[in-house]
Amino acid sequence: MTDAILVIGGGIAGINCAMNAAKYGAKVYLVDDTPSIGGMMARLDKTFPTNDCSICIEAPQMYEVDNHERIEILTNAEVRRVQAGGGIFKIRLLQKPKFVDESKCTGCGACVEACPVSLPDPLDGKIGGRRKLISMAFPQAVPNKVAIDPRCRSGAMRAAGACVGGCAVDCSQCRECPIALCVKACEKEGKKAVTLWQANRNIDIEVKSIVVATGIRNAPPAGDLLGYDRYPNVITNTEFERLMNAGGPTAGHIVRPSDQQPAHRIVWVQCAGRGLGPGRGTPYCSKVCCMIATKQAIIAKEHDSSIEAAIFYNDLKAYGKGFWDFHRKALENGVRFVRARPYVVSEDPVTHNLTVRYEHLDTGELRQQAADLLVLSTGLIPGDRNERLAKVLKIELDHLGFFKERDPILAPLETAVEGIYLCGGATGPIDIAESVTQATAAAMKAVLKN
């Protein structure tokens, strides 16, 4: 009989779940399908309602998990097969290659400098962030190692200027690459960590319980939502988060994507895309968007007190501890909250300034608002791998695509399968504090399972 536990998802919920379970003596496998743990929180600038530095909170926890003797971190790994029986789960994990020997890589960055190809960073979207084909997920990544984009290794990026992929000999058959600049740069540092011949690796483990902490993701704009696809200065709240982040592509300067000039009139649109119909936008309230916009407006005005910040909302959601005081702080700082329903956005083709036409929901009047920058709060949606994972684990999803609790009142965080538990964004839109609370509860359920 094993006392091991598998935690699927290395965001803030998964990290706290793993730490709590390990403190009670369990062996924990913490699995994430990206090159680093940290999840969405690691990419944020600040957290509400305290406006504390996000990575300053999470990085010490990531370090603790990485150095805990009872926690084994497996990144770039997916759950491929689960067999239950005799009170245990026999699990096969597939760990995809990073094409880097992590035991030799020190994260020096020489290979990143040598890489000739920079591509737009999907995380930064329209605000201009870029990353190399070999890169580290973010400066505080755990493990603090680089990884190579598999498209580079396969040859798919040859047309973009990649230096590998066009060789007549397959990398898996070769151990001395004379072509790859990252290999040469690493060898020059005396490390030989770049290993282009790496392949998928199967890992078999046995655990007594599983905690699903796969998190959430930001909903993309539903089509050309309020000019998103046409106008450079219409961005999402995730892109704005990266815009004001000191570690982001603009070093924290709040500038317009069109001309890199400071934005003085910023409008946030809540519930952007909500209720547009099947397959378009989110059909539900994501709970935290109002506070995210409030946080971003406060921080924007802290950057520059002359910024005119307005938040267009339908129904204000301030449900958590300290949230209403946070809303009042925004009002005291000069942030305008307007019950409004925007219906069209136009742009001056010369200046790229925006005009937002909207219905004022309190008066029924049609009005307009000038803006330098328009920020769309598009909501939170289930992880894109939930459906596949649900089939592997043989657990249910609800009608929205989140993992379904057996009984939210009598059996919270439990699934219909004995020994499989849930926490964090796996259950639905949630804030960081709630995620940590659920992670503690799920860890205890997993540890106490007989």
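What follows draws every value from the coordinates through simple rules; no lab data is involved. Owing to the predicted nature of the structure, the values given are computational and were not obtained by experimental measurement. Here Cβ is always computed from backbone atoms with ideal geometry, including for glycine, and neighbour counts include all displayed protein chains.
Remark: relative contact order (segment 110-188) = 31 percent; criterion is Cα-Cα distance under 8 angstrom and separation of 6 or more residues. Take the Cβ-Cβ distance between ARG230 and THR2 as r, set R0 to 41 Å, and report the resulting FRET efficiency rounded to the nearest 0.05. Efficiency at R0 = 41 Å is approximately 0.15. Using a/c under 1.5 as the rounded threshold, could you call segment 219-379 rounded, prolate or oblate? The axes a ≥ b ≥ c are square roots of the C-alpha gyration tensor eigenvalues, and prolate needs a/b larger than b/c, oblate otherwise. Rounded, since a/c falls under 1.5. For segment 98-112, the residues whose amide N sits under 20 Å from a probe point set 7 Å from the Cα of LYS184 along the beta carbon direction are 100, 108-112.
Highest mean first, the peptides 314-320, 216-222, 29-35 sorted by other C-beta atoms within 10 Å per residue fall in the order 29-35, 216-222, 314-320. Adding -39500 (n - 2.57) for every DSSP H run of four residues or longer, then dividing by how many residues the chain holds, sets the calculated 222 nm ellipticity at -6500 deg cm²/dmol.
The orientation-averaged projected area of the convex hull spanned by the Cα atoms of segment 348-389 comes to 5.5 nm². Taking 18 Å as the cut-off, the amide N atoms of segment 409-443 that come nearer than this to a point 7 Å along the Cα-to-beta-carbon line of TYR24 belong to 411-415, 418-424, 435-443. For the cross-link pairs LYS46/LYS126; LYS27/LYS192; LYS90/LYS192, the ones whose C-alpha atoms lie over 30 Å apart are LYS27/LYS192; LYS90/LYS192.
Spatially close Lys pairs in segment 302-435, defined by Cα atoms under 26 Å apart and a spacing of eight or more places or different chains, total 6. Our estimate of slack between LEU410 and HIS264, defined as 0.36 nm per intervening residue step minus the Cα-Cα distance, is 47.5 nm. Projecting the Cα atoms of GLY39, ALA84, LEU6 onto the charge dipole of segment 2-88, computed from C-beta unit charges around the Cα centre, puts ALA84 farthest toward the positive end. Maximal additional length on extending the HIS399-ARG92 stretch stands at 107.7 nm, based on 0.36 nm per residue less the C-alpha distance.
The packing ranking of peptides 7-19, 392-404, 373-385, highest mean first, is 7-19, 373-385, 392-404, where packing means the average number of other beta carbon atoms within 10 angstrom of each residue. Using the Cβ of ASN144 as centre and a radius below 12 Å, the other residues enclosed give a net charge of -1, where K and R count +1 and D and E count -1.
The share of Cα pairs per 10 Å bin across segment 110-188, counted from zero up to the longest distance, runs 18, 49, 28, 6, 0 percent. Extending 7 Å from the Cα toward the beta-carbon at both ARG388 and HIS303 defines two label points whose distance is 3.6 nm. The charge dipole of the chain, taken about its Cα centre with unit charges on the Cβ of Lys, Arg, Asp and Glu (plus for the first two, minus for the last two), comes to roughly 820 debye. The Cα center of segment 98-121 and the Cα center of segment 373-430 differ in position by 34 Å.
In this simple spin-label approximation, LEU361 and THR34 carry label points 7 Å from Cα along the Cα→Cβ vector, and these lie 3.1 nm apart.
What does the charge dipole of segment 89-164 about its Cα centre add up to, to the nearest 20 debye, if the Cβ of each Lys and Arg holds +1 and the Cβ of each Asp and Glu holds -1?
Working: 13 positive and 6 negative charges, 69 e Å.
Here the size comes out at about 340 debye.
For a paramagnetic label modelled on ASP66 (point 7 Å from Cα along Cα→Cβ), amide N atoms under 20 Å away belong, within segment 1-17, to 7-17. The GLU102 and ASP204 beta-carbon pair, evaluated with R₀ = 22 Å, returns a calculated FRET efficiency of approximately 0.65. Working from label points 7 Å from Cα in the Cα-to-Cβ sense, the ARG339 to GLN173 distance is 7.1 nm.
Residue-normalised convex hull volume from the C-alpha trace of segment 120-166: 82 Å³ per residue.
In percent, rounded to a whole number, the relative contact order of segment 219-379 is 30, using alpha-carbon pairs under 8 Å and six or more apart.
For segment 357-450, the residue among LEU374, ALA439, ALA416 whose Cα projects farthest onto the positive side of the dipole built from Cβ charges is ALA416. Checking the a/c ratio against 1.5 first, then a/b against b/c, what shape does the Cα gyration tensor give for segment 178-281? Taking the square roots of the gyration eigenvalues as a ≥ b ≥ c, segment 178-281 is oblate.
Each peptide in 131-138, 112-119, 45-52 gets a packing score, the mean of other Cβ atoms within 10 Å over its residues, and the list from highest to lowest is 131-138, 45-52, 112-119. Within the chain, antiparallel bridges make up roughly 60 percent of the DSSP beta bridges whose residues both belong there. Each principal axis of the Cα cloud of segment 1-100 was evaluated for its coordinate range; sorted largest first, these ranges are 47, 35, 22 Å.
On a per residue basis, the convex hull of the C-alpha atoms belonging to the chain measures out at 158 Å³.
The dipole here belongs to segment 219-379: it is taken about the Cα centre, uses +1 on the Cβ of Lys and Arg and -1 on the Cβ of Asp and Glu, and is about 520 debye.
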